[in-house]
Structure formats: C-alpha cells, structure tokens
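Take a look at the structure set out below.
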Amino acid sequence: MMTVSLPEGQTTATRPGILLRLGGALYRHPGLQLALLLALPLLWFMLVYLGSLCTLLAQSVLTFDDFTMSVSRELTLDNYRQLLSPANLDVVLRTLSMATLVSLASAVMAFPLAYYMVRYARGWQKGFFYVAVMLPMWASYIVKVYAWTVLLAKGGIVYWAYQTLGLQGIVDWLMTLPLIGGNSLTTSNLGRFTVFTYIWLPFMILPIQAALERVPANLLQASSDLGASGAQTFRHVILPLAFPGVVAGSIFTFSLTLGDYIIPQLIGPSGLFIGSMVYTMQGSIGNMPLAAAFTVVPVCIIGLYLLGARKLGAFDAL
Amino acid sequence: MQSSLIRLTAVLVSSSLIAPAVLAAPLATLGKPEGKLNIIAWPGYIERGQSDKNYDWVTGFEKSTGCQVSVKTAATSDEMVSLMNSPNYDLVTASGDASLRLIYGKKVQEINPALIPSWNTLDPRVKSGNWFTVAGKPYGVPYQWGANFLMYNSKVFTKAPTSWSVLFEPGNLPDGKPNKGRVQAYDGAIYIADAALYLMHKNPKLGIKDPYELNEAQYAAVLKLLRQQKGLTHRYWHDVTVQMNDFKKEGVAVSSAWGYTINTLQAEKFPVAGTIPQEGATGWADTTMLHAQAQHPVCAYKWMEWSLNKKLQSGLAEWFGSNPVVAEACQTKAPGGSNFCQSNGFDRFAQIRFWRTPVAKCGQGSCVPYSRWTADYIAIMGGR
C-alpha cells in the first residue's frame, strides 16, 4: 500500500534516471558502446559475406551426377582435380592474363589524366574532369557492352574510322596476329581488351587521383630547387608517393576483370573466362560443385594479390 | 468475411491433403483450375502476341480457362533441367536431350492421356516416342519437333549447299572466297552429334550407327573433325540475336541454325535460306512435361490439351520454324499463310536424328557419356 502511493515527483525522477544510468554505463564501459554500434553491421558481414563464402567452399566438395544433373552429398576432391585439366587451366590463365593486361593498360592511361586533374585543372575544368570520368559509370554496364558489339563489328564505326583515315591495313594486319587477332575486332582478344579497359578505367583514375592529391606541392618545389629535372622528380618523388594509388586502382581493375562474365560472352573469341565458366557450370548445367571450385580460384588469386598490395601500401591510398 | 476465411482454410487443408496423392499416380479427374500456370519454354515457343500480335496462343487459353500463364525462357536444355530443380514450375517444353534426364531424375510425373481429349489426334510417328515414354508410360505430351537447319546466305550460295561439309572442311564457298572465318558452329556440347552425323556418311568405315552413341575410336575421330572446324569458325553461336547480327554485319555466310532464326532474318528481308543437306540433320522433338511437384496440375492439364489444338500447332510451326505433332495442322492456315510443313521438313521425319542424352551404356557396348562431351567441347571451343 505504501509503495503504490509514491509522490509524483519521485516517479518522474526515475525516468531520466534510467537514461542517465544507461549513459553512465556506456561511458564507463567503452567496449559496450562499441559492441552496440558494431553488432548489426558485424552480424550482417558474418552472415552475408563470410556465410556465403563458407557455403561456397562447402559446395565445392560435393559430388555432381552427370546424368541426372543433380548434386549429391558425397564428399569428393574431384572438382579440384578437374580444375587442373589442361582445358580448365586454359580458362584460368586466359582470364588471369587478360586481368593483368587490362590493369597495366588502365594504369598507363589513368596516370597522366589523374596528374592533370590534380596539378593543372582549375575551376570549371576540375568539375568537368570529375564529371567526364564519372559520367560513363552512370550508364548501365550492359548497355555499354552491347553498344561496343555494334561499334566494333565490321561495318561499325571503328572500322569506318580506320577506313576513312586510310588505316584499314593496320587493322587487317593486327587481326592476323596470333593471340590478339581474330576474324574481326568483335571476335578478337584485342576487341575484348579494348572493352574491358574502357569499362574499368574510371576505377583506376579515381584512386590515383586521390593519391596524387596527397603529394605535397612543396616536395615538388624542393625537388626542383635541388636541381632535379622533371623526369627525375617524377621518378623519385611523385611516382613512389602515388604508387599505392596505382596499386589500389589495380585491385579494382584486376578483380573486376577476373570475375566478369558478360564481356567475354559478347565480345572476343569463344574460349571461356572464369566468370563465364562459373556461369555455364552453375546457370546452364547445374554443376554447382565445379562452379564453386572455379570460384575458389579468383578468391585465392585476389587473396594473394591483396597481400602483395598491402605490402606496397595500397590500403593507405583508399 | 468469416465464411470466406473458412473457405480459404478448407481449400488450404484440402490442397495439402491432395498434394501427396498427386505424387503417387497421375490425376484421375480434373478439379477446378487453380488460376495460375508457370511454364519453362524455349524463347519464342509460348507467344502471347507481344512479338507479333498475329502469333498469340496464350490469351485465348487464359480467357477460356482462367489460368494466368507466366513463362520463363531457357536457352539450353541443360538450363531447363537445372531450372526444374525448383518446384515453382508446372510445365517444361523439354527436348529429347533433357526429357530422359528429367524422367530418371524424378523431376517430372507420368501423365494421364485420358484427361487430354486431343491425345488421339497426335501424329502416330511421335505418339509413343521413346524420348518421353518409359516402360509404356507417357511422361508428357509432344509439343513440336524440328530440324537444326543449315542456314546460308543466299547471295553467297546461288544453290542450296547439299552437304554439311561446308561447315567442317576447309574450302571455297561458291563466291570463290574461302570459308575460313565465315562459318559458325553451335556453342553446346550436343553439337558433337552434328559432326558425328557428317562423319557417319563421309567415313562409313568408322561404323557410326547413331550420332548419340559413339565408342572411343569414333569419338576421337569426331573430336578431330571438330578441332579442324575450330580453325574455320568465325565464332560459336550462343545467342540468336548475336548470330543474326553476325550474318548481317560480320559477313558470316553459313552456319547451323534454328528455323526461328531463318524466319526472323527472312522477315527482315535479309537474304538467307535454310536447308536439310543429304546427310540429314540433327533435330529436336519437344515434350510438354509436368513437374513432379506441380502446384497447378489442373491448369497444366488444361494447357496440355490446349497445346494440341490445330490453330496453335500451325501458328507455332510457322512462327518457330518447326513441325506440328498433329498432322491435320499442316492443312490449317497459319497467320503468315506459308507452307510450313513443306519448308520445315514434315515429310523428312526419318532423316532427322533427334537430340538425346548420350549415355555410357549403348547398343555397341560402352559409349562416351555426356559429361565427357561437355568437358571436351569446352576445351575445343577454347582452342585445345
């Protein structure tokens, strides 16, 4: 009876009391605060990212029955053995070499552009370059790739441009070369390389640009005060300081090329890429175990790549 | 309000009681249509007038039965088999290289022909086809059949080529220029049978009796031929739109192709034609099959019956470049008014080798199974 009839002031005083006590607890236990803040994103990360990665690994050791095209739960390493067959190794090497070349070409093209953006572009120019680099990323990837199939076809605008400039001979000669050539630009590795480089170039420009922004201008002045030529300054000051940016950009271009399965299907010769192999195995044959085993390949390659990139300081440039 | 809730519960309870019965034996009687139907089909196979309003065989069905049809298209037989792992689909228009796999994989159920009044109008040549009948039991209703044509640019070829050799052997086309870089082959392991069919006639000593049953020696000879072909190909076609573009823009002159592709290019007034060469051709005979766990079996039966009507059969045959499974449909005028049975090879049934899944156990003892076909064909396309 006594407890029921508490004075009004006391009941209202308990309300801020809870909040205050909570605040106090959070203040005294910074770990608790952190846990509350991170619990949801961590859970998401564990479930969605690591969870799916584990499911993938688990699937890669299941058995696939070729006739009924169904997966059984018997464990086997056969899928990994199959990876080592010459035809499948071809697929891996084909993808790996394309990813490497695309990353190199993107770096060579992106560096001067990023340098100009940082050091010379002023006022409206700066905005113009930003928009120009970002703009292609606003258009749908599929639309851009299909557009390229038309651009690169015989009778397309690229062939037309070469003909108009009287350079038809050069294309024809390029197409006769082994490895890069083919029947026409749309069915050649050169065409595929062009499209890959076009699509991923912005992902290289932006990290390099970010890295160059952080190179202090007074270091360059100091370098020239001490008598270094432009080339020397570039080699000994700018490049080492901006190199982590190049590596950071290459993480994007490399891994995106490694996993892509649409460009290899639409442009270039008929050999499969890792992405299209996974797509064929999973999507059209239903051989999930082999598809999973194939997916482990880029996961490992990227893992090694990231280790190397960390050594080169790429993560400071992101 | 309350009575409708009770009715709903009653429906739910009764349907959960009926569902297991469906698995055990084919339906004996048809109840009320469920109002929905999900079909896996080849692109262009189930049209509702969206591509061309004259070719519409879905709207009429929906009006008369109240079953709303939704179609999921699949590009390859393998994709169809894989999609059928999901119980969300009721029907699939499976080709012969998928139908047996579906039956043995227990993904489709036996059907009851007594519930399909038009069953007796079926062409006797397909009525008990071994690609969907197992132990005397039908596992579906034939839908259409057709050949894989040799499609050629009729400006390059003034006369139709008479042999598949234009695709396999290096040489000059009638315009005097070599065929290298101007031919295409199909991007699918089942294409190995096309090469086997050609070798069966070119080199009888190999003793190939059936392009889907190859022993080691025959298989090795076929792969050798396909490797030679790799050097000639412009690319392996996968997507019909890309293939049409290659004929129009890239100067591809001759390829294996579906009737659908030929019809579409001809409709665009592009100079192509299709032929079945002297060796015959590989082909497909498709069956509408019922999923083992179909959610809408009544609508599915209604569709199987509907699919055999002459108007649908003739319109579809003209549209898709295939042949009807109901012989009378040949005399039924299609929207375009063409003589489709003549051009699609209705009378050449005996010359068509229908797609079948190659298995290890075969007439000549042991044969190379489909799994090796897949792996080897991927290697050949990659240039190995």
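The values are calculated or read from the model by the stated rules, or taken from the named source; none is laboratory data. On a predicted model such as this, the values are computed, not experimentally measured, just so you know. Glycine gets a Cβ as well: all are built from the backbone with ideal geometry, and neighbour counts include every protein chain shown.
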request  = Any chance you could count how many residues in region B:308-320 are within 14 Å of B:GLU62 (Cβ to Cβ) and not in a helix (DSSP H, G or I)?
outcome  = 0
request  = For B:TYR143, work out the one condition from (1) out of contact with any strand residue (DSSP E or B) (no Cβ under 7 Å at 6 or more places or on another chain); (2) at pLDDT 95 or above it doesn't fulfil.
outcome  = (1)
ask   = For region B:240-264, how many residues are part of a helix (DSSP H, G or I), closer than 14 Å to B:ASN344 by Cβ and either at the interface with another protein chain (Cβ under 9 Å from one of its Cβ atoms) or not polar (S, T, N, Q) (or both)?
value = 3
request  = Among the candidates A:THR280, A:THR233, A:THR253, single out the residue that is of a type outside the set (A, V, I, L, M) and either closer than 30 Å to A:THR76 by Cβ or not assigned by TED's automatic domain parsing to the domain that holds A:TYR120 (or both).
outcome  = A:THR280
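In region A:174-189, which residues are surrounded by fewer than 19 Cβ atoms within 10 Å (Cβ to Cβ) and either of a type in the set (S, T, N, Q) or closer than 17 Å to A:LEU152 by Cβ (or both)?
If we filter region A:174-189 for residues that are surrounded by fewer than 19 Cβ atoms within 10 Å (Cβ to Cβ), which is where we start, we get A:174-180.
The answer is A:LEU174, A:MET175, A:THR176, A:LEU177, A:ILE180.
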message = Out of A:GLY182, A:GLY155, I need the residue that is assigned by TED's automatic domain parsing to the domain that holds A:LEU96, assigned to a loop (DSSP other than H, G, I, E, B) and in contact with a Pro (Cβ under 8 Å, 6 or more places away or on another chain). Which one?
response = A:GLY182
request  = From A:GLY123, A:GLY127, A:GLY166, grab the single residue that is over 30 Å from A:ARG214 (Cβ atoms) and not hydrophobic (A, V, I, L, M, F, W, C).
outcome  = A:GLY166
key: Failed criterion for B:THR29 (all others in (1) part of a strand (DSSP E or B); (2) in contact with a Leu (Cβ under 9 Å, 6 or more places away or on another chain) hold)   = (1)
message = Regarding region A:78-97, can at least one residue be identified that is within 13 Å of chain B (Cβ to nearest Cβ), over 28 Å from the mean Cα position of the chain (by Cα) and touching a residue at least 12 places away in the same chain (Cβ under 8 Å)?
response = yes
task = Determine if region A:262-275 includes at least one residue that is in a helix (DSSP H, G or I), modelled with pLDDT under 90, more than 21 Å from the chain's Cα centre (by Cα) and not hydrophobic (A, V, I, L, M, F, W, C).
result = no
Scope region B:284-313; condition within 30 Å of B:THR162 (Cα to Cα) and either of a type in the set (Phe, Trp, Tyr) or surrounded by fewer than 24 Cβ atoms within 10 Å (Cβ to Cβ) (or both); matching residues = B:TRP284
query = Looking at B:TYR219, B:TYR212, which is the one that is away from chain A (no Cβ under 12 Å) and within 22 Å of the chain's Cα centre (by Cα)?
reply = B:TYR212
ask   = Can you tell me which residues in region B:130-148 are crowded, with 20+ Cβ neighbours inside 10 Å and either within 14 Å of chain A (Cβ to nearest Cβ) or not aliphatic (A, V, I, L, M) (or both)?
value = B:TRP131, B:PHE132, B:PRO138, B:TYR139, B:GLY140, B:PRO142, B:TYR143, B:GLN144, B:TRP145, B:GLY146, B:ASN148
remark   = Of A:MET69, A:MET46, the only residue that is at pLDDT below 90, over 22 Å from A:THR257 (Cα atoms) and more than 14 Å from every other protein chain (Cβ to nearest Cβ) is A:MET46
ask   = If the Cβ limit is 6 Å and pairs must be 6+ apart or interchain, which residue in region B:76-94 that is more than 11 Å from chain A (Cβ to nearest Cβ) pairs with which residue that is of a type in the set (Gly, Ala, Ser) and surrounded by 24 or more Cβ atoms within 10 Å (Cβ to Cβ)?
value = B:ASP90/B:ALA294; B:ASP90/B:ALA300; B:LEU91/B:ALA300
request  = Please verify whether region B:217-228 includes one or more residues that are free of Cβ contacts under 8 Å to residues at least 60 places away in the same chain, part of a loop (DSSP other than H, G, I, E, B) and out of contact with any Gly (no Cβ under 9 Å at 6 or more places or on another chain).
outcome  = no
query = Which pairs do you get when a residue that is farther than 17 Å from A:SER184 by Cβ, found in region A:265-284, comes within reach of a residue that is buried (at least 22 other Cβ atoms within 10 Å of the Cβ) and among the charged types (D, E, K, R), reach meaning Cβ atoms under 6 angstrom, with the pair 6+ apart or on two chains?
reply = A:GLY275/A:ASP260; A:SER284/B:ASP78
query = From the list B:ARG372, B:ARG348, B:ARG384, B:ARG356, which one is within 14 Å of another protein chain (Cβ to nearest Cβ) and part of a helix (DSSP H, G or I)?
reply = B:ARG372
remark   = If we keep only residues of region A:127-186 that are among the β-branched types (Val, Ile, Thr) and more than 26 Å from B:VAL252 (Cβ to Cβ), then the residue nearest to the chain's Cα centre (by Cα) is A:VAL133
remark   = Of the residues in region B:149-172, those that are touching a helix residue (DSSP H, G or I) at 6+ places or on another chain (Cβ under 7 Å) and assigned to a loop (DSSP other than H, G, I, E, B) number 1
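Let's see how each residue does on (1) in contact with a Leu (Cβ under 9 Å, 6 or more places away or on another chain); (2) over 30 Å from A:ASP65 (Cα atoms); (3) crowded, with 20+ Cβ neighbours inside 10 Å; (4) away from chain B (no Cβ under 14 Å):
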{"site": "A:HIS236", "(1), (2), (3), (4)": "no, yes, no, yes"}
{"site": "A:ALA242", "(1), (2), (3), (4)": "yes, yes, yes, yes"}
{"site": "A:VAL247", "(1), (2), (3), (4)": "yes, yes, yes, yes"}
{"site": "A:LEU272", "(1), (2), (3), (4)": "no, no, yes, no"}
{"site": "A:VAL299", "(1), (2), (3), (4)": "yes, no, no, yes"}
{"site": "A:LEU304", "(1), (2), (3), (4)": "no, yes, no, yes"}
{"site": "A:LEU312", "(1), (2), (3), (4)": "no, yes, no, yes"}
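How many of the residues making up region B:50-81 are of a type in the set (A, V, I, L, M, F, W, C), within 30 Å of A:TYR279 (Cα to Cα) and assigned to a helix (DSSP H, G or I)?
Total meeting the criteria: 2.
Might you let me know whether region A:185-192 holds any residue that is away from chain B (no Cβ under 14 Å) and in a helix (DSSP H, G or I)? Lay out the reasoning, then the answer.
Our first condition is that a residue be away from chain B (no Cβ under 14 Å); within region A:185-192, this holds for A:190.
Right, trim to in a helix (DSSP H, G or I) and you get A:190.
The answer is yes; a qualifying residue exists.
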request  = Could you check B:VAL326 against (1) more than 18 Å from B:ALA273 (Cα to Cα); (2) of a type in the set (A, V, I, L, M); (3) in contact with a strand residue (DSSP E or B) (Cβ under 7 Å, 6 or more places away or on another chain) and say which number it fails?
outcome  = (3)
ask   = Among the residues of region B:333-377, which ones are more than 20 Å from the chain's Cα centre (by Cα), surrounded by 19 or more Cβ atoms within 10 Å (Cβ to Cβ) and not assigned by TED's automatic domain parsing to the domain that holds B:GLU216?
value = B:ALA334
